[in-house]
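Below is one structure, written out as C-alpha cells, with a few remarks after it.
No lab work stands behind these numbers, since they all come straight from the coordinates. Since the model is a prediction, treat every value here as computed from it, not as a measurement. Methodologically, a virtual Cβ is constructed for each residue, glycine included, from the backbone with ideal geometry; neighbour enumeration extends over all protein chains shown.
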Amino acid sequence: MFENHDTHMQWKYFMRRKNGFSIKNAKKKSRNLIVQVAGISIVLLSLICVGCGKREDSVPVSNDDQTAMPDEVKPGEAASNAQTRGISVVGNTNGGTLQTLNAVRTGAQAGMDRIVFEFSDTGLPEWEVKYVEPKRVTDCGSGEQIAVAGNAWLQITFRGASAHTDSGIATSGPNRRVSNQIALRELVRTCDFEGEVTWVAGIMRENEYIPSALTGPSRLVIDIAH
C-alpha cells in the first residue's frame, strides 16, 4: 500500500492528528488523570479523619484488677437518685485535701456499664461529670485534641487530685483503656496537672448516667445506662 517507510510514517502521523491523538496530548491527559486521582484520595482521607485528634495506643482492661464489681454500689449510697444526661453533676466530700487517684476500674453490669475511681484518703476531691463536645477533649498541657472512641464523650474531672507520685510515676494504671462494652467504648485520661485529673469516657451515644460517692475506700462510681 505504501511505497516506502517515510510515506507510511506520514500517513500514521496524519491519522493520529485527525483523531486528535498526539504524544503531547497523551502525556497531558495522563498528568490530568493523576491529579484527579490524587485529589479524590485527599478528599477521602479528609472525610475519614473528620473529628480525629491525637491518638495513643489503647490498653485492654485487665480482668484481674480493673473490673468494677456488682456490689461496688450499696443501697442508699448514690449521690443522685435521678438519672442525668447532658448536665453537670458536681460533688466534694474531702474538704480540700489533695487526693491521690489509686485505681480506675470498669465493668459491665445488668443494664449498665460502670466506671470506678478510687482514691487514697477519706472523702473525694471536688468532682464534676458532664458530656462535652469532641473539640473539648484535649490534652490539658498542650491543648491538642485527643481522639476517643465513641459517639458521645462523658468527661469526669477531679480538682484537688493527682494521678502520680512525687517522682512522676502513674498511680492509676494506663491512661488509655479499651472497654468495648455495650455503652462504654474507651476511657482516656486527658489531664493530670496542677491538682486536676480528668478522664473522658467514649460512649456509643449520650446515655443517661448516675454518679455515686462511696466510702471505705473513697470512690466515685459512674453507672452509664445501656
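Below is a table of values for the structure above.
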{"item": "Förster radius 41 Å - calculated FRET efficiency between E194 and A225 (Cβ-Cβ, nearest 0.05)", "result": "0.75"}
{"item": "Estimated distance in nm for a label pair at E128 and A110, the labels positioned 7 Å out from Cα along Cα-to-Cβ", "result": "3.6"}
{"item": "Nitroxide proxy distance, nm - points 7 Å out along Cα→Cβ at A170 and E206", "result": "3.0"}
{"item": "Gyration tensor (alpha-carbon) shape descriptor, segment 106-226, a/c threshold 1.5", "result": "oblate"}
{"item": "Hz values of 3J(HN,Hα) by residue in segment 209-226 - Karplus curve (6.51, -1.76, 1.60), Gly and Pro given as x", "result": "8, 10, x, 9, 9, 10, 10, x, x, 5, 9, 10, 10, 10, 9, 10, 5, 6"}
{"item": "Distance between segment 129-155 and segment 180-195 - C-alpha centres, whole angstrom", "result": "9"}
{"item": "Sorted by Cβ neighbour density within 10 Å, fewest at the top, the residues S142, S179", "result": "S142, S179"}
{"item": "Fully extended contour minus Cα-Cα distance, from R136 to A103, at 0.36 nm per residue", "result": "9.4 nm"}
{"item": "Simple label model, 7 Å out from Cα along Cβ direction - V89 to I182, nm", "result": "1.8"}
